[in-house]
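The values are calculated or read from the model by the stated rules, or taken from the named source; none is laboratory data. Please read all numbers here as calculations on a predicted model, not as lab measurements. Please note: Cβ atoms are built from the backbone with ideal geometry, for glycine as well, and neighbour counts cover all protein chains shown. Please note that ligands, DNA and RNA were not included when accessible areas were found on the heavy atoms of the full protein model with its side chains. Shrake-Rupley method; radii C 1.70, N 1.55, O 1.52, S 1.80 Å.
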Amino acid sequence: MPDRKYDAVIVGGGHHATIIACYLARAGLKTAMFERWHEMGGGACGEELPVPGYIQNVCAHFTRFYTNPAYTDFELRDHGLVYVFPENNEAWIYPDGSYIFGKTMFPVIDPFTGKSSFSQEAADYTIKSVGEINKDDGDTVAQIIESYKGAWKEAFGKYRYSGPGEWGDGPDPLEALFNHPKYPLDPKIALGTVGEIATTMFKSPEMQTFYMRAIQTSNGLFPQDRPGPYWHIHALGLILSMEPAAIVQGGTHSITHALLRAFERYGGEFFVLNEVNKVLVDNKKAYGIELTNGDKILADIVVSDLSIELTMDKSGKDNWPAELWAKGQKLKDKPDDLYNTSAYERTQLLWGNIALMDAPKYPQNPELGMVPRLYFGKADPEYFLSGRYQKERWDLGIANQMYLLVAPDVQWDPTRAPAGRFAALVEEFTCPWRQFSEKQWLKIKKDIEFRMVEEWGKYAPNVNMDNFISAWIATPDDVVNRNPCMPQGGWGALDANYERLGRLRPFPEISGYRMPIKNYYLCSSAAHSAHGIGRGSSYACYKVIAQDLGLKYKPWEERGW
Ligand SMILES: Cc1cc2nc3c(=O)[nH]c(=O)nc-3n(C[C@H](O)[C@H](O)[C@H](O)COP(=O)(O)OP(=O)(O)OC[C@H]3O[C@@H](n4cnc5c(N)ncnc54)[C@H](O)[C@@H]3O)c2cc1C
């Protein structure tokens, strides 16, 4: 039973709520989270799927939470958050049996702090592998690695965790790279569209396709979208195996468990099955929340972990300046064509676990079975650039030419499946939820299981229906049913192309985590630095709250960001 009065209440108990809750509680505020679902963590969750005995990450699977400041600020490794870092990293197998194979270039050397160090050996391995496909691309990769190591990696971390800053503050850490004396980021490349970047930077169809497909995993962007420096560097970090593919023991829910343990250590409270009906506002000032059961909880500050639309809806139209309210409503508009920049079009997945009796065997090279992020598909940039890959997904739900990503975490985390059995997460992209009826989505959900097994079997012949145990593949319909913050069933709450990042996210007037209602803040991934586990919105939101309330706990002063 919640108390009637807290210093801080958080609406929603999703991923960013569990992070900011730790900061607020550690700063000495009496803090409580209110979550509508039966479990905490939002997208950082797990379920016993596809059949009993297996653990599936139903939402976020790929995480690197050890890079988030909360990992060290709250000693999460000591609270049970254990990552394993495979030596192999990211690979792509093409239909002719050729492949690109990357080794982890920045392996973590201290699991308690997440500190990593550069491995020249791994870099050479990856450069050689790309160079065997195309010599020029190998040289390009070598140059990118130098710049990443020399300046880009650090700037990326600062950008992610420092908040968008005020208007007129000058260049952000990534914009500053455009003028870096030694490792400049070429704006002519980095500010291009995904398609332009892929075809300017790389010569081979293999690497061009890799970049365009992998940036979908990063952020769902289409070839005609601009990723901006943030997602561009993010995607390079992945496809060139610079950042480790980290495996969480016990699945993604372990992140939530560790954060909740830390939160409780500082006296925090959380309540599941407690849906917030509205934020209480008087005279343009938030003073608490009302639950759907009618209970009122008073608080000095209210922090929203919801999508921007729900953050607005819960606090009431009359409390918002009319022009900002109108902007928020516009985000919900249905686009009139495939290629405009509406807000919820990009991150819809067909995504889930396939359980097999035996692990896949790859005749191209048995070691490919021990790659934590393995892509398959034809090197066909034109399929992406022409828009066919997207259009077929919009028309059929499943593209005719598939591009699977397989993540066999069980190879490093035996808790994910019964002894001797195998399971892997498999990813393909689809279209927004509104394209199909619930019945049609249920059919797609069945069809995709067989399509995925069939496609995977082209690269690993022992992946077939004789080896198949079960699968549970989430569609956008499953995402919508689970979480009202993801209105079109995408994995991101609000698209994060360049036009919706940094000072522009969710829109310019409210990009600084303070809502136009006093004492009301936005900590969710609808704010900078966008969706994904361990991103910076909650940490940066806490900085703003600490400034407003004069809180003493300021771990960034020592860290420098
Ligand atoms: C299918 C899928 C795959 C994904 N894969 C990845 C991945 O591999 N890697 C990655 O980094 N990220 C991934 N993500 C994204 C990641 O899960 C999100 O970016 C992250 O969870 C966002 O955190 P958040 O705190 O902003 O929102 P959420 O985690 O969504 O939390 C919002 C919370 O608010 C609750 N809520 C809503 N309304 C109310 C209300 N009225 N009252 C109380 N509570 C309410 C919701 O139930 C939810 O728990 C994936 C997401 C999905 C859906």
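Considered as a group, the residues in segment 535-544 that are of a type in the set (A, V, I, L, M, F, W, C) and out of contact with any Leu (no Cβ under 9 Å at 6 or more places or on another chain) include one that is surrounded by the fewest Cβ atoms within 10 Å (Cβ to Cβ), and that residue is VAL544. In segment 472-509, of all residues being more than 8 Å from the ligand (Cβ to nearest atom) and in a strand (DSSP E or B), the one that is surrounded by the fewest Cβ atoms within 10 Å (Cβ to Cβ) corresponds to TRP472.
Okay, residues lined up against (1) open to solvent by less than 10 Å² (accessible area, probe 1.4 Å); (2) more than 16 Å from the ligand (Cβ to nearest atom):
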site	(1), (2)
TYR23	yes, no
CYS45	yes, no
PHE74	yes, yes
PHE85	no, yes
SER98	no, yes
MET105	yes, yes
ASP110	no, yes
ALA123	yes, yes
LYS135	no, yes
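For TRP37, the conditions (1) within 7 Å of the ligand (Cβ to nearest atom); (2) touching a strand residue (DSSP E or B) at 6+ places or on another chain (Cβ under 8 Å) are fulfilled apart from (2). Give all pairs with beta carbons closer than 8 Å in which a residue from segment 550-561 that is open to solvent by 70 Å² or more (accessible area, probe 1.4 Å) meets a residue that is in a loop (DSSP other than H, G, I, E, B); count only pairs at least 6 apart in sequence or on separate chains. What qualifies is LYS552/ALA27; LYS552/GLY28; TRP561/SER162. Would you confirm whether or not segment 47-59 contains a residue that is within 11 Å of the ligand (Cβ to nearest atom) and open to solvent by 20 Å² or more (accessible area, probe 1.4 Å)? Yes: segment 47-59 contains one or more residues that are within 11 Å of the ligand (Cβ to nearest atom) and open to solvent by 20 Å² or more (accessible area, probe 1.4 Å).
Being near the ligand (Cβ under 7 Å from one of its atoms) and hydrophobic (A, V, I, L, M, F, W, C) is the filter here; which residues of segment 60-72 pass it? Step through it out loud before you land on a result.
Going through segment 60-72, the residues near the ligand (Cβ under 7 Å from one of its atoms) turn out to be 60-63.
Of everything in segment 60-72, those that are near the ligand (Cβ under 7 Å from one of its atoms) and hydrophobic (A, V, I, L, M, F, W, C) turn out to be ALA60, PHE62.
The set of residues from segment 157-187 being out of contact with any Lys or Arg (no Cβ under 9 Å at 6 or more places or on another chain) and not in a loop (DSSP other than H, G, I, E, B) comprises GLY157, LYS158, TYR159, GLU175, ALA176, LEU177, PHE178, ASN179, PRO187.
Here TYR375 fits the description: within 23 Å of ILE444 (Cα to Cα), outside any helix (DSSP H, G or I) and of a type in the set (Phe, Trp, Tyr). Filtering segment 456-479 to residues that are more than 17 Å from the chain's Cα centre (by Cα) and among the hydrophobic types (A, V, I, L, M, F, W, C) leaves TRP456, ALA460, VAL463, MET465, PHE468, ILE469, ALA471, TRP472, ILE473. If I filter segment 434-452 for residues that are in a strand (DSSP E or B), open to solvent by 10 Å² or more (accessible area, probe 1.4 Å) and away from the ligand (no atom under 16 Å from the Cβ), do I get at least one hit? Scanning segment 434-452 turns up no residue that is in a strand (DSSP E or B), open to solvent by 10 Å² or more (accessible area, probe 1.4 Å) and away from the ligand (no atom under 16 Å from the Cβ). Do we find that ALA326 is among the small types (Gly, Ala, Ser), modelled with pLDDT of 95 or more and at negative phi in this structure? Judged against the criteria, ALA326 is not a match.
Does GLY532 qualify as being under 30 Å from ILE448 (Cα atoms), in the same structural domain as MET40 (by TED's automatic domain parsing) and either basic (Lys, Arg) or open to solvent by 10 Å² or more (accessible area, probe 1.4 Å) (or both)? Write out each step before concluding.
Values: under 30 Å from ILE448 (Cα atoms): yes; in the same structural domain as MET40 (by TED's automatic domain parsing): yes; either basic (Lys, Arg) or open to solvent by 10 Å² or more (accessible area, probe 1.4 Å) (or both): yes.
Yes.
Residues that are more than 15 Å from the ligand (Cβ to nearest atom) and assigned to a loop (DSSP other than H, G, I, E, B) were ranked within segment 516-529; the one that is most open to solvent (accessible area, probe 1.4 Å) is PRO516. Restricting the first member to segment 261-275 and to residues that are within 17 Å of ALA8 (Cα to Cα), and the second to residues that are among the polar types (S, T, N, Q) and in a loop (DSSP other than H, G, I, E, B), the beta-carbon pairs closer than 6 Å and six or more apart or on different chains are GLU275/THR292.
Being surrounded by fewer than 23 Cβ atoms within 10 Å (Cβ to Cβ), farther than 30 Å from THR72 by Cβ and modelled with pLDDT under 95 holds for only one residue in LYS284, LYS314, LYS332, and it is LYS332.
When the residues of segment 255-275 are filtered to those that are open to solvent by 10 Å² or more (accessible area, probe 1.4 Å) and within 14 Å of the ligand (Cβ to nearest atom), the one that is nearest to ALA70 (Cα to Cα) is LEU260. Residue count for segment 461-506 under the criterion of being without any contact (Cβ under 8 Å) to a residue 12 or more places away in the chain and closer than 30 Å to ASN365 by Cβ: the result is 2. Residue count for segment 530-561 satisfying the condition of being of a type outside the set (Lys, Arg) and part of a helix (DSSP H, G or I): 15. Tallying residues that are closer than 20 Å to ARG500 by Cβ, over 24 Å from the mean Cα position of the chain (by Cα) and modelled with pLDDT of 95 or more within segment 171-226 yields 1.
Residue-wise test of (1) open to solvent by less than 10 Å² (accessible area, probe 1.4 Å); (2) closer than 25 Å to VAL463 by Cα; (3) under 22 Å from the mean Cα position of the chain (by Cα); (4) of a type in the set (Phe, Trp, Tyr).
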{"position": "TYR383", "(1), (2), (3), (4)": "yes, no, no, yes"}
{"position": "SER386", "(1), (2), (3), (4)": "no, no, no, no"}
{"position": "GLU392", "(1), (2), (3), (4)": "no, no, no, no"}
{"position": "ASP395", "(1), (2), (3), (4)": "no, no, no, no"}
{"position": "ASN400", "(1), (2), (3), (4)": "no, yes, no, no"}
{"position": "TYR403", "(1), (2), (3), (4)": "yes, yes, yes, yes"}
{"position": "GLN411", "(1), (2), (3), (4)": "no, yes, no, no"}
{"position": "ALA419", "(1), (2), (3), (4)": "no, yes, no, no"}
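For segment 298-311, taking the residues that are open to solvent by 20 Å² or more (accessible area, probe 1.4 Å) and more than 11 Å from the ligand (Cβ to nearest atom), the one that is nearest to ASN519 (Cα to Cα) is identified as ASP300.
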